[in-house]
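Heads up, the thing below is written out as structure tokens.
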Amino acid sequence: MKTKLNQSKLKLAIVSAMLVGSAGFSTAGYAATAGDSMRVQTDVLMSCTISAPTLDFLSYDPTEADDTTATSTITSNCTYGGSAKITMNGGSAVVAGSTDAVPLRQMTHADLSKLNYQLYKDSGPSPVVWGNDAESGQAFTAVAGDNTTTVYGSITAGQPASYGAFFDFVQVTLTY
């Protein structure tokens, strides 16, 4: 007598046996755990950028009785909470008697004539000169985002001047 083998039932039996056998391999062989916490840290460095746009007096009339004034806004972006100081040198013209604390500033014309001006930290009746040392600079504590600082400029009235453009270049330094 010949026994007829049903192949599909045999395959089903083999697959079922494999599944039941492998179930024992997939269950965890451990029940206890241990843990710890990992400290993650960094030191945030003080970092700054600065932008000092042109201070433009627009025009100067030597016959006017009042000083000519203008302002400009210096924008810096520093790490929040850090301390910084903005200083300004005396410009490109070397003026006798000038110091870092009280630089004497002059704009120059193409014919080399000069026009005296000054930069200040405020606009009060007795404004404070903006200088180029630790004491005469402008200190601030950085806020989140942009920090703005106004510089006030004044050209002394009644100076003789050649017709045309006068200019100077002042180095603005941010120390942090």
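Pick from GLN138, GLN159: which is under 18 Å from VAL172 (Cβ atoms) and at pLDDT 95 or above?
When all the criteria are applied, what remains is GLN138.
Do we find that THR99 is closer than 18 Å to TRP130 by Cβ and among the β-branched types (Val, Ile, Thr) in this structure? Break it down stepwise before answering.
Working: closer than 18 Å to TRP130 by Cβ: yes; among the β-branched types (Val, Ile, Thr): yes.
Spelling it out, THR99 is indeed closer than 18 Å to TRP130 by Cβ and among the β-branched types (Val, Ile, Thr).
Restricting attention to segment 129-158, which residues are under 19 Å from LEU115 (Cβ atoms) and loosely packed, with under 14 Cβ neighbours inside 10 Å? Break it down stepwise before answering.
If we filter segment 129-158 for residues that are under 19 Å from LEU115 (Cβ atoms), which is where we start, we get 129-130, 151-158.
Of everything in segment 129-158, those that are under 19 Å from LEU115 (Cβ atoms) and loosely packed, with under 14 Cβ neighbours inside 10 Å turn out to be THR156, GLY158.
Given the criterion polar (S, T, N, Q) and over 16 Å from the mean Cα position of the chain (by Cα), identify the matching residue among THR141, THR63, THR149, THR79.
THR63
Output the residues belonging to segment 80-127 that are among the acidic types (Asp, Glu) and touching a Phe, Trp or Tyr at 6+ places or on another chain (Cβ under 9 Å).
Hit for segment 80-127 is ASP122, nothing else.
Could you grab me the full set of residues in segment 86-115 that are loosely packed, with under 15 Cβ neighbours inside 10 Å and not hydroxyl-bearing (Ser, Thr, Tyr)?
Once the filter is applied, which keeps residues that are loosely packed, with under 15 Cβ neighbours inside 10 Å and not hydroxyl-bearing (Ser, Thr, Tyr), segment 86-115 yields VAL94, VAL95, ALA96, GLY97, ALA101, ALA110, ASP111, LEU112.
The values are calculated or read from the model by the stated rules, or taken from the named source; none is laboratory data. Here the structure is a predicted model, which means the values were calculated and not measured. For neighbour counting, all protein chains shown are included, and Cβ atoms are generated from backbone atoms with ideal geometry for every residue, glycine included.
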